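S.K.: Dropping the structure in here first, questions after.
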Amino acid sequence: MPLRGAPDHDDVAAASGPRPVWSRDFALFFVARALARLGDAMLPVALAAGLLQHGFGVGAIGLAMAASAASFAGLVIFGGVIADRFSTRKLMIGADLVRLVTQSLAAVLFFADHVVLWQICAIGAVNGVAGAVFQPGVASTVPRLATDVQGANGAIRIAESAAQLVGPALAGLLVAFSSAGGVFAAHAATYALSALCLLLLRPLPVTPANQAHGSSFKDDLAVGWREFRTRTWLWGVIVIWCVYMISIWGPTVPLVATQVVQQHGPGAYGLLNSALGAGTVIGGLIALRLRPRRMLRAGSIALFSFACFPASVGAGLGLTAMSAGAVIAGAGMSFWSVMWATSVQTQVAPDVLNRIHAYDVAGSLAMMPVGQALAGPAAAALGAGNVLLVAGAMTLVVSTALLSVPAVRDLVRVDPPAPLPRTTAGICEPARGGSH
C-alpha cells in the first residue's frame, strides 16, 4: 500500500481514531529511549573517526561493531527469560549503569591515545551483554505504559529518529573540536540520564507470567521457543531478516562510515546520518497517521525504499544525492519498524512477550555481526562501492520475499483492549527476585 493518499477499507482499520498515549510514566520512558538513541547515534562516528585516526582500517571498524552485536545477539534470548522472572525496570537501569562505566572507560582510552583494538572490542562485547539484558523489557514496557501501542511506538520512533538526526552531527562536531574520546564521554552521559528517567518511573504493573513463577529457567526458555515457532509470520520474518543482516545492514554500516569519512570527512558522515534520522522522523509521523489493517504488508512495501541508502553511497553520488537517498531510506525503514514492533506487541500474549521479543531480536540480529565482519574482506575483493550496490539490490529481494509469505502479508492487526486503571495499591513492585 502507498504511504500517502487516502486510506481504503482493506488496508486501514476502521477505528474511531488513536487512543491516548501520553502519561507521566510514558513521557519518562519516551525521554529515556530518546537519550539512549542519541548516544547510540553518536557511536558509529566515534568508532569510525577514532579508529581511522589511530591507523586502523575498515576491517577493524567492522570487528569493533561486530563485537557488541555478537554478544548482544548471542545472549538476548536469556535476557528475555530473565526479564520474565525479575523487574524489567531494575534490569534496564542496571544495564544502563553498566554501559555508563564501559563508555567512560572507552573515553579515557581515546583521550589518553591508548587505543588497542582488542580492548575496544571487549568494551563493545560488555555493552552487548548489557543491551541483551535491557532490550527484552522494552517490548513489554510499551503496552503497559500506553493503551495505543502503535501510537506509542510511533512516538518513540520519532524521538529516536530525532536523536538519530542530532547525534551524528553532534558527534562530528565533537570529533572536530575535541576528539573521539569526547564522543564516548557524551555517550556515557546519555546512559546516566536514561537510567535516571527509568528510576523515576512508577513501578510497572505485573504481567501474568511474573505473579507466580515456579518453572525453571530451562522450562521458560523452552516455552518461549514453542510460542515463537508456532507463529509462522514471526519466524518467517526472522529467517528473511537474517539475509537482510548479512547482505544489507551488516556491511552497510561500516562501509558507509568508511567511504564517507575517507572521501568527505567526519562532518559529512554526521550529515548523512542526520539525513537518515530525518527520514526516520518522517516515517514515524506517517506511522502515527496511517493505521494499516495488514501492518506487515504495508511495512514490507515501505521497506523497498531502503535500497536508496547503500545504493547512493555505492554509486559515488554527491553528498546531496546521498543525503536524499538516506531520507527516503530512513522513512521506509522507520515505517516498517513501527509496523513490526506493534505487530509483535499486540499479537503476542503478555505472559510470553519478553521471551518472544528476545527470540525476535536474537534472530533479527544474529547475522549482523557476520555481515559486519565480512564487510572488510568483501570490500577488498569487490570494492566497497560494489558491495554497497549489491546491498541496495538485496533490499529489493528481501522486501519481495517478505511479501511472498502469506502469513506475513495477510496478518491482520489486533488492537488490545484498554488496560485497567492503575491504582496505588495495584502496582506495588515486588521485593527483589520476585515478579514485576
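Read-outs: derived from the displayed coordinates by stated rules, not from any lab. Just so it is clear, the structure is predicted and the values come from calculations on it, not from any experiment. Note: ideal-geometry Cβ built from the backbone for every residue, glycine included; neighbour counts use all protein chains shown.
S.K.: If you take the square roots of the eigenvalues of the alpha-carbon gyration tensor of the chain and sort them as a ≥ b ≥ c, do you get rounded (a/c under 1.5), prolate (a/b over b/c) or oblate? Please report the intermediate quantities before stating the final value.
M.R.: Numbers: a/c = 1.63, a/b = 1.24, b/c = 1.32.
Judged from the Cα gyration tensor, the chain comes out oblate (a/c at least 1.5, b/c at or above a/b).
S.K.: To continue, here is another question. What percent do you get for the relative contact order of the chain when only Cα pairs under 8 Å and 6+ apart count? The partial results should precede the final answer.
M.R.: Values: 845 pairs, mean separation 126.0, N = 436.
Taking the mean separation of contacting Cα pairs over the length of the chain, I get 29 percent.
S.K.: May I pose another question? From the gyration tensor of the Cα coordinates in the stretch 275-417, what semi-axes in whole Å does the equivalent ellipsoid have, largest first, with each one equal to sqrt(5λ)?
M.R.: After scaling each eigenvalue by five and taking roots: 29, 19, 13 Å.
S.K.: Now a separate question. Before rounding to the nearest 500, sum -39500 (n - 2.57) across all DSSP H runs of length at least 4 in the chain and divide by the residue total; then give [θ] at 222 nm in deg cm²/dmol.
M.R.: Estimated from H runs of four or more residues: -25000 deg cm²/dmol.
S.K.: For the stretch 220-235, just list the computed ³J(HN,Hα) in residue order, Karplus coefficients 6.51, -1.76 and 1.60, θ = phi - 60°, integers in Hz, with x standing in for Gly and Pro.
M.R.: For the stretch 220-235, the Karplus-derived couplings read 4, 5, 5, 4, x, 5, 4, 5, 5, 6, 7, 9, 4, 4, 6, 6 Hz, x marking Gly and Pro.
S.K.: What is the sum of charges, Lys and Arg at +1 and Asp and Glu at -1, for the other residues whose Cβ falls under 11 Å from the Cβ of R409?
M.R.: Net charge in that neighbourhood comes out at +1.
S.K.: Looking at the square roots a ≥ b ≥ c of the eigenvalues of the Cα gyration tensor of the stretch 219-260, which shape do they give, rounded for a/c under 1.5, prolate if a/b is larger than b/c, or oblate?
M.R.: prolate
S.K.: With a/c under 1.5 counting as rounded, go ahead and sort the stretch 78-160 into rounded, prolate or oblate using the C-alpha gyration tensor (a ≥ b ≥ c being the square roots of the eigenvalues; past the cut-off, prolate if a/b is larger than b/c, else oblate).
M.R.: Prolate, because a/c is 1.5 or more and a/b exceeds b/c.
S.K.: Another question about this same structure. For the residue pair L200 and S23, what label-to-label distance in nm results when each label sits 7 Å from Cα along the Cα-to-beta-carbon direction?
M.R.: Taking the two extended label points, one gets 1.7 nm.
S.K.: Which of R157, R355, R226 ends up with the largest GNM mean-square fluctuation for the chain, with Cα atoms connected below 10 Å?
M.R.: R226
S.K.: Where is the GNM fluctuation largest for the chain (alpha-carbon springs, 10 angstrom cutoff): A380, A341, A188?
M.R.: A380
S.K.: Under a crude label model (7 Å from the Cα following the beta-carbon direction), how far is A324 from K90 in nanometres?
M.R.: 5.5
S.K.: About the Cα centre, and with charges only on the beta carbon of Lys, Arg (+1) and Asp, Glu (-1), how big is the dipole of the chain? Nearest 20 debye, please.
M.R.: 600
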